1. If you check residue 204 against the conditions, is it under 20 Å from residue 105 (Cα atoms), of a type outside the set (Phe, Trp, Tyr) and at pLDDT below 95?
2. Name the residue, out of 314, 277, that is under 19 Å from residue 454 (Cβ atoms), at pLDDT below 95 and not small (Gly, Ala, Ser).
3. Residues 392, 372, 396, 329: which one is buried (at least 21 other Cβ atoms within 10 Å of the Cβ) and either free of Cβ contacts under 8 Å to residues at least 12 places away in the same chain or more than 19 Å from the chain's Cα centre (by Cα) (or both)?
4. Which is farther than 23 Å from residue 520 by Cα, free of Cβ contacts under 8 Å to residues at least 24 places away in the same chain, assigned by TED's automatic domain parsing to the domain that holds residue 40 and out of contact with any Leu (no Cβ under 8 Å at 6 or more places or on another chain), of 401, 410?
5. Just for segment 458-492: of the residues that are modelled with pLDDT under 95 and at positive phi, which one is surrounded by the most Cβ atoms within 10 Å (Cβ to Cβ)?
6. Quickly run through segment 305-364 and pick out the residues that are hydrophobic (A, V, I, L, M, F, W, C), part of a helix (DSSP H, G or I) and closer than 25 Å to residue 444 by Cβ.
7. Could you please find all residues in segment 236-259 being touching a residue at least 24 places away in the same chain (Cβ under 8 Å) and farther than 13 Å from residue 188 by Cα?
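The values are calculated or read from the model by the stated rules, or taken from the named source; none is laboratory data. Note that the coordinates shown come from a computational prediction; the quantities given were computed from them, not determined experimentally. Glycine gets a Cβ as well: all are built from the backbone with ideal geometry, and neighbour counts include every protein chain shown.
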Amino acid sequence: MTAPKWWQQAVIYEIAAASFQDSDGDGRGDLSGLLQRLDHLAWLGVDALWLTPVQPSPFRDFGYDISDFCAIDPSLGTIEQFDQLVTELHRRDMHLILDFVPNHTAAEHPWFVESRASRASTRRNWYVWADPGEDGGPPNNWLSRFGGSAWAWDDTTGQYYYHSFLEEQPDLNWRNPAVREAMADVLRFWLRRGVDGFRVDASAVLIEDDLLRDDPPDPDADETLPPPQRLRRIFTDDRRESLECLEELRAVVEEFDDRMLAGEVQGKVDRIGHFYEGKRPRFHLPLNFALLDTPWDALSLQANIDAYLNSIPENAWPCWVIGGHDKHRIASKIGQTGARLMAMLALTLRGTPFLFAGDELGMEQAPVVAGRIDDPFEKLVPGYGLNRDPERAPIRWDEGPHGSFSIAEPWLPQDDRTRNVASLKGDDRSILHLCCSLIALRKQEPALTQGDQEPLRARNDILAFRRRHGGESIVVLLNLSREPRRWLAMESGKVLLSSHLDRKTGLPVDPPLLLRGQEGLIIKSGR
């Protein structure tokens, strides 16, 4: 057997720099602030940081509208500070994963400025341009995810350009080999600076139908869905050509030793498998949101975990995401006790877990009033619950003004004052200590990072599975009911960890085992 890769054993922790720590008093986090908090992350035990975009941007869409792929936005810091971040992480045996945004640029990017200057521009074909339709309007019915037509008119050159997202985020033309090579060089720029991997944004929408065929209406959609979701994106999403582009990106990453490629993918769980490999390898880790999108009961979780594992190739490495900058906070969905169980689940399943900064604090959706909205989703497609600002709220480090995130008013309102790092660190039974204990347990027990996973039948509201490695067996039991439940189908063993953090480690247990309401237990078989 080959030794596991670092990313197979890692706990990956997503950070939005703007919401982590402000060092210069402008109300937005920055690289210098992040550097100040690295010791806390080392204490927590995470192995890798995934950093949302830090490149120059007008920040119309949380930095995912990039105007220079190979620089650092001055509001966030300098390239020297970025290099220092890489060095300091590596000194702590931690890795850095950078967001890579290949689908589009900001309208201010020099490539697009040149592309729209003239139809004769050498970079005209670097973006997707088309003549008007027969009625003089947009070339087809494709919709932007942020509402309205996905085509924007350009007076200067008399054509439309395509934008999957904001009008100010024109799509690059990935059919153009020059674009592919330019974006490959972007990867190489950051890899040479020591970046350990990338999370590829919007990876399934790189190439659209070259005939510009209209997307059909979705027969299952109704007026409760936002208009952009009422078409079946047959001709814009998940095209075979896009997957081939991912193979080229993987090849670039493999020019360097021991690097990793993760990706945001679209579609249902049963489609995730093809993002691992085709003619050539694609992603090491296509991000899997099944746990976030599953009803919170043992039978639904059992089914969706199994469906996901059955949908990926036999030799593929699973991953589990329980939070992100585009997803509502899990604690707001299933409650604080449920969030503890979710942490235990994600950190014991076979595969690589992804946390979003604040998940270890049990952060919930922060209240964002109309005058403070930043997210273009809520501005342009209001009334459908699409606002992502509440999960992007800055972290509180203590109970001081603004939670010591900043000396100024934070760029977004914050969560509950009492849910802060200092308070939770002082409570040895808090969710923060639970996450720290779970991460430490992963490092102590090879079965939790390298072992096989054997499903056990969910019974009596208890989700259960076994991890095996080298003759050792660990059983994970999660009582999702608020009432006590008994578990009969087990052998004697000893407690490694309770989600309540009040059972003594090493405590012998025998069947039948009583789990308290919403308690999770990790038990090592044998005495």
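1. yes
2. Answer to the check: 314.
3. 396
4. 401
5. So, considering only residues that are modelled with pLDDT under 95 and at positive phi, the one surrounded by the most Cβ atoms within 10 Å (Cβ to Cβ) is 460.
6. Once the filter is applied, which keeps residues that are hydrophobic (A, V, I, L, M, F, W, C), part of a helix (DSSP H, G or I) and closer than 25 Å to residue 444 by Cβ, segment 305-364 yields 305, 309, 339, 341, 342, 343, 344, 345, 346, 361.
7. 236, 237, 238, 239, 241, 242, 243, 244, 245, 246, 247, 258 - these are the residues of segment 236-259 that are touching a residue at least 24 places away in the same chain (Cβ under 8 Å) and farther than 13 Å from residue 188 by Cα.
The rows are residues; the columns are (1) touching a strand residue (DSSP E or B) at 6+ places or on another chain (Cβ under 9 Å); (2) assigned by TED's automatic domain parsing to the domain that holds residue 360.
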{"residue": "224", "(1), (2)": "no, no"}
{"residue": "266", "(1), (2)": "no, yes"}
{"residue": "278", "(1), (2)": "no, yes"}
{"residue": "292", "(1), (2)": "yes, yes"}
{"residue": "300", "(1), (2)": "no, yes"}
{"residue": "305", "(1), (2)": "yes, yes"}
{"residue": "321", "(1), (2)": "yes, yes"}
